[in-house]
Amino acid sequence: MSSYEGVDFYQIDDLLSDEEKAIRGAVRDWVDDRVVPIIEEHYQRGTFPTELATEMGELGFLGANLDGYDCPGLNNVSYGLICQELERGDSAIRSFASVQGSLVMFPIHAYGSEAQKQRWLPKLAKGEAIGCFGLTEPDFGSNPSGMITRAVDAGDHYVLNGAKMWITNGTVADVAVVWAKLEGEVHGFLVERGMDGFSAPEMTGKHSLRASVTSELVFQDVKLPKDNLLPGVKGLKGPLSCLNNARYGIAWGALGAGMGCFHSATEYAKSRIQFDRPIASFQLVQNKLAWMLREITKGQLLAWRLGRMKDAGTLHHEQVSLAKMNNVDIALEIARVARDVHGANGILGEYPVMRHMANLESVKTYEGTHDIHNLVLGRWITGIAAFT
Ligand code: TGC
Ligand code: FAD
């Protein structure tokens, strides 16, 4: 297969700065060297390549769009391009970076005390500490406002009880940003590995995101120092603001998975001979490839514009919903069509398409399901919430 050179049908590179292109190139090379050769084996075994965590930290992929505390301080378009390239490797690698940067470092950076920032951000930025984000519960997924997990004020400390489910990085995390109700209001707490009453068993048996660690978090009378409350926010807007950042990264990341599938399908179609001709010469196959290019190009323009609005500070969260929903949707469909173009070979681990397809099923569900984002847009259009 010829080497991967990205997709740029509409000269979107002209809209990027030299620095942004250089960052994208560095991540692309790292993914080719360090992710592509090993990821299928990890996927089959159901393991995350932990050794990549510190490498990602050293290269500035973690908390890339945050400033200070040893964070890289890049703009949001650069952060998006990092997500795009990581997810071409595998959604698990982008997930790791999203959770660490947008769902753990961001809330500590935005809502933490100075002591919390000093203690955690430099280590998280380097990948020397790993974080996870606990919002979803067994009975409260799309509707986190109903969460049962509770903290009670016990004088000089809080006592935390409850459970979270489907938590990326949970079992390997040194610190969990856990959202729980305290006197009826949602607050963020930093729960540390090894605290009495806290366990994080890994969830097994997944058919998707197999190279990512997914866990339960269980809290049984966990005694939390008062200093472990995030002081800067209360209410559901705390976790939702973190999701806004992570969803932004997913809008770019999903494109990367789609581009990888498009590349694989194109190369395969040019080399696979049926009826004495490359299958790329058949109109129906060309139609599939043209459709993929069309959707990727539209998705790139959405992501680029979203990034520039985020950098300008004019973005509103409904715009993020549209891009997350659209780009995951098209990436998943591209993966399915790419699998079809590969015929039976498409189900083999030799090609990335089935792995991307299975991963993207999770990406469609997490960070707000496809339909929850439709309803967010519906509320923006009509002023009427259809959630309940
Ligand atoms: P609602 O009344 O809409 O909002 C409550 C407050 O939050 C504000 N807000 C947001 N702020 C920032 N960003 C957003 N996206 C926001 N959405 C809402 C809102 O303005 C309000 O503020 P205020 O000041 O008035 O209090 O809340 P609601 O209860 O009606 O919820 C609406 C709904 C359904 C959209 C929301 O609950 C939702 O988004 N549900 C989906 C849940 C979800 O996305 N869970 C994700 C869990 S984490 C995860 O999946 C990580 S995967 C990681 C990986 O591996 O990559
Ligand atoms: P449900 O909310 O039960 O939804 C089921 C179906 O019903 C969906 O199709 C949904 O769109 C639909 N539905 C629900 N409500 C409505 C409505 N009002 N109107 C119309 N349709 C509706 N969570 C975390 O907190 N942290 C993590 O790190 C994390 N990582 C994850 C990793 C993986 C691999 C996966 C799969 C999930 C992860 N999640 C995480 C959880 C994820 O955010 C939830 O799965 C997601 O929010 C959906 O919740 P649910 O699975 O309970 O589905």
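Mind scanning Lys206/Lys298; Lys206/Lys288; Lys310/Lys364; Lys206/Lys226; Lys21/Lys288 and naming the pairs with a C-alpha gap bigger than 26 Å? Can you show the working numbers first?
Details: Lys206/Lys298 31 Å; Lys206/Lys288 30 Å; Lys310/Lys364 22 Å; Lys206/Lys226 37 Å; Lys21/Lys288 29 Å.
From Lys206/Lys298; Lys206/Lys288; Lys310/Lys364; Lys206/Lys226; Lys21/Lys288, over 26 Å: Lys206/Lys298; Lys206/Lys288; Lys206/Lys226; Lys21/Lys288.
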Solvent-accessible surface (1.4 angstrom probe) belonging to Ser212, in square angstrom, nearest 10: 10
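Loop-only check: which chymotrypsin sites (Phe, Trp or Tyr not before Pro) in the range 310-388 are DSSP coil with at most 14 other Cβ within 10 angstrom? Could you put the intermediate results ahead of the total?
On the way: sites: Tyr366, Trp380, Phe387; in loops: Tyr366, Phe387.
Here the sparse-neighbourhood loop sites are Phe387.
Show that you can apply the helix-only estimate: for the chain, add -39,500 (n - 2.57) for every DSSP H stretch of four or more residues, divide by all residues, and state [θ] at 222 nm to the nearest 500. Mind dumping the intermediate values first?
Details: 12 runs with 187 residues, N = 388.
After summing the helix terms and dividing by the residues of the chain, the value is -16000 deg cm²/dmol.
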Probe 1.4 Å - accessible area at Leu135, Å² to nearest ten: 10
Most mobile listed residue (Asn143, Asn245, Asn326) in the chain, GNM with C-alpha springs under 10 Å: Asn143
Coordinate range along principal axes, alpha carbons of the range 163-292, Å, largest first: 71, 29, 20
At most 15 other Cβ within 10 Å, DSSP loop - trypsin sites (Lys or Arg not before Pro), the range 279-349: none
Volume per residue of the C-alpha convex hull in the range 12-125, rounded to whole Å³: 97
Spatially proximal lysines relative to Lys126 (Cα-Cα < 19 Å; intrachain offsets below 8 disregarded): Lys117
Ranked order, Ile334, Ile381 - accessible area, probe 1.4 Å, largest first: Ile381, Ile334
With all protein chains modelled, accessible area of Asp14 [1.4 Å, Å²]: 120
Cα→Cβ-extended label distance, 7 Å offset, between Asn143 and Thr369, nm: 1.2
Cα-based equivalent ellipsoid, the chain: semi-axes from gyration tensor eigenvalues, Å: 36, 21, 20
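Pulled fully out, how much extra length does the chain show between Glu202 and Ala386, if you take 0.36 nm times their separation in residues and subtract their Cα-Cα distance? Please report the intermediate quantities before stating the final value.
Details: separation 184, 0.36 × 184 = 66.24 nm, distance 3.43 nm.
Extra length from Glu202 to Ala386 when fully extended: 62.8 nm.
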Label point distance in nm, Asp32-Lys270, each placed 7 Å from Cα along Cα→Cβ: 1.5
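Can you pull out the GluC sites (Glu not before Pro) in the range 1-110 whose DSSP state is coil and whose Cβ has at most 10 other Cβ atoms within 10 Å? Don't jump to the answer; show the numbers that get you there.
Numbers: sites: Glu5, Glu19, Glu20, Glu40, Glu41, Glu51, Glu55, Glu58, Glu85, Glu87; in loops: Glu5, Glu51.
Passing sites in the range 1-110 are Glu5, Glu51.
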Most fluctuating residue given options Ala92, Ala26, Ala163, as computed from a GNM of the chain linking Cα atoms under 10 Å: Ala26
Rounded to 10°, Cα long-axis angle of helix 283-312 versus longest principal axis of the chain: 40
Label-point separation in nm, Ser241 to Trp291, each point 7 Å along Cα→Cβ: 4.2
For the chain, built as a Gaussian network whose Cα springs stay under 10 Å, the top-fluctuating residue of Ala331, Ala110, Ala22: Ala22
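The values are calculated or read from the model by the stated rules, or taken from the named source; none is laboratory data. Bear in mind the structure is a predicted one, so any value in this text is a computation, not a measurement. Cβ: placed from backbone, ideal geometry, glycine included. Neighbour counts: every protein chain shown. The accessibility values were calculated without ligands, DNA or RNA, using every heavy atom of the protein model including side chains. Shrake-Rupley method; radii C 1.70, N 1.55, O 1.52, S 1.80 Å.
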